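Please read the structure below before turning to the comments.
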Amino acid sequence: MSVVVAKVGSSTLVDGAGRVRLDVLEMRVADLARVARLGHRPVLVSSGAIACGFAPLGFPARPTALEDLQAASAVGQGILFRHYQEAFARHGITPAQVLLTSDDIAGRATYLNARTTLTRLVELGAVPVVNENDTTATDEVTFGDNDVLAAQVAVLLGATWLVLMTDRDGLYGVGDDGSPVLLGDVRSDVGPEGVALAPLGGGSALGRGGVSSKIGAAAMAVGAGITTVVASGSDPDVVSTVTHGGSVGTRFRPRAQREPAFKLWLRHAKPSRGRVAVDDGAARALRVKGRSLLAVGVTGASGAFTVGDAVDVVGASGEPVGKGIAAMSRADVDAVRGLSSAAIAARGLMLPAEVIHRDRFVLVEG
């Protein structure tokens, strides 16, 4: 079962007055229906709920206050999904509304539950229509934009393809004469972070995403072994072209070696709640020898983290080393930092041997 995750943004789907562009929505649904008939399993990540909801509530433009955004989302989700239900029904397909917050992805148990639900939906032939649950998300627990959400859904499902639809034909680099040129097929050894992009501006007034968010989402996906394409949402066949192996937009080849699912989740989905500083010896043991982080190598800590939270690990000069799951709280780390295992035992402290176990740690990419 080959899964393709396609993301469409607010500016593509909704006009400046908050009206759904029904021709675009129906075109996107028809494209996914073609993909489904060919035996693939499409998943749609759709922005547009807030953009659909602000006008019925009397806002002249997209609001900025959190409570207004949440209210607009609550109204807009129903409007948007009703259009999807009607459009998919014309193709004999059942859509399923799935609303997620970053907390759903950050917790290992809820992450697995979300994966189980989405997997079962696609097995049953339904098309999940995924969006962030803006009615409950806050600034502290948000994906930031739906490019990132789409990448995390693709990683979660082990998708073959991720298609990020935009208002442009793809991503633009700088040509030999200094003018913008469309980037086509990007080699896996270059990757999303290695391309030089032309300065064409950021996101629209309706959405939050932009070029930088698509680069970040692509980096996440290709690290998981997922071919990622950034292409025009106005192309009626963009998703089916991708699944046929055709050339469209900017395509990032996946990395040959895929990380284990747990480390992908830790690297990309688990938010950091603090920071642990280590000395040069500990940094070398983590980077080169693949060792666990012991208290003796810790020089400091910050943030109100507790056991099970993710923390960033930095070296003596503040340079990033990696990210791991804390086996101790911030208070316990402060109490034992710099102490050997024998010294900790001599104090009668009932604490684990490691601050971070090597199996629950990932190095910084690159």
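The values are calculated or read from the model by the stated rules, or taken from the named source; none is laboratory data. For clarity, every value in this text was computed on a predicted model and none was experimentally measured. Neighbour counts are summed over all protein chains in view; Cβ atoms, including those assigned to glycine, are modelled from backbone coordinates with ideal geometry.
Observations, loosely collected:
- The set of residues from region 167-202 being assigned to a helix (DSSP H, G or I) and over 22 Å from S11 (Cβ atoms) comprises E193, G194.
- Among the residues listed as D185, D189, the single one being free of Cβ contacts under 8 Å to residues at least 40 places away in the same chain and among the charged types (D, E, K, R): D189
- Selection from region 345-366 of residues that are of a type in the set (A, V, I, L, M, F, W, C) and more than 13 Å from G297 (Cα to Cα): A345, A346, L349, M350, L351, F361, V362, L363, V364
- Among residues of region 28-40, those that are out of contact with any Gly (no Cβ under 9 Å at 6 or more places or on another chain) and over 12 Å from A6 (Cα atoms), counted: 6
- Yes/no for A327 being part of a helix (DSSP H, G or I), assigned by TED's automatic domain parsing to the domain that holds R284 and surrounded by fewer than 20 Cβ atoms within 10 Å (Cβ to Cβ): no
- Here region 10-58 is the region considered, the condition is being over 17 Å from Q97 (Cα atoms) and among the basic types (K, R), and the residue that is surrounded by the most Cβ atoms within 10 Å (Cβ to Cβ) is R34.
- Criterion violated by Y84 - all others in (1) of a type outside the set (D, E); (2) free of Cβ contacts under 8 Å to residues at least 12 places away in the same chain; (3) crowded, with 20+ Cβ neighbours inside 10 Å satisfied: (2)
- Counted residues, region 34-91 - those being of a type in the set (S, T, N, Q), touching a strand residue (DSSP E or B) at 6+ places or on another chain (Cβ under 8 Å) and either outside the structural domain of S240 (by TED's automatic domain parsing) or part of a helix (DSSP H, G or I) (or both): 2
- From the options T160, T166, residue that is within 18 Å of the chain's Cα centre (by Cα), in the same structural domain as Q97 (by TED's automatic domain parsing), of a type in the set (S, T, N, Q) and modelled with pLDDT of 90 or more: T160
- Residue match in region 224-242 (condition: under 23 Å from P192 (Cα atoms), outside any loop (DSSP other than H, G, I, E, B) and free of Cβ contacts under 8 Å to residues at least 60 places away in the same chain): yes
- Restricting G281, G338 to those that are over 24 Å from L264 (Cβ atoms), part of a helix (DSSP H, G or I) and modelled with pLDDT of 95 or more reduces the list to G281.
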